[in-house]
Amino acid sequence: MMTGQKTRLMSEINVTPLVDVMLVLLVIFMVTAPMMTSGVKVNVPRTTHERMDIDSKTMVVSIDASRMVMINDLQFDASEVAERLPGIIESMKPEEVYLKADRTLPYGFVMSVMASIREAGVEKIGMVTEPPASNLQER
């Protein structure tokens, strides 16, 4: 029971709950933002790093300017890749595949080979690049 004291209304805004809610929203957006990107997931290596070590579990798919496709040491015509690649991937069971394409090839052709690799069951595809000429001279 209150005896003789007047209670005053508090006219200040309590910002602590607001800050708590904003921090929770920030964390939620930070976690979900990378999942909202669309397109082909490609791990493109930076050209400023040293050469990558390739072990025996790695598969390298190379496409030359004449559209001949080499899967490690096996050479195929571009039309044979879609039918032969699943069998090769099943036998090798690579953890990741590196795609090395000639720069004069059309983008659509390289993407069709990449789609064949993904349809064969490979999730990790890395694009192989060469370092710029200035980095080659420094080494």
Handout entry: Close pairs from region 65-93: first closer than 22 Å to Arg103 by Cα and touching a residue at least 40 places away in the same chain (Cβ under 8 Å), partner assigned to a loop (DSSP other than H, G, I, E, B) and charged (D, E, K, R), Cβ under 7 Å, at least 6 apart
Key = Ala65/Asp102
Problem - 3 or more residues modelled with pLDDT of 65 or more and surrounded by fewer than 13 Cβ atoms within 10 Å (Cβ to Cβ): qualifying strands (runs of 3 or more DSSP E) within region 12-93 - result: 74-77
Problem - Number of positions in region 94-139 that are part of a helix (DSSP H, G or I) and modelled with pLDDT under 80 - result: 6
Problem - Inter-residue pairs, beta-carbon under 7 Å, first of a type in the set (Gly, Ala, Ser) and in region 101-124, second assigned to a helix (DSSP H, G or I), 6+ apart - result: Ala101/Val110; Ser116/Val81; Ser116/Ala82; Ser116/Leu85; Ala120/Leu85; Ala120/Pro86; Ala120/Ile89; Gly121/Ile89
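The values are calculated or read from the model by the stated rules, or taken from the named source; none is laboratory data. Because the structure is a prediction, the values reported are computed rather than measured. In this analysis, Cβ positions are derived from the backbone assuming ideal geometry, glycine residues included, and neighbour counts consider all displayed protein chains.
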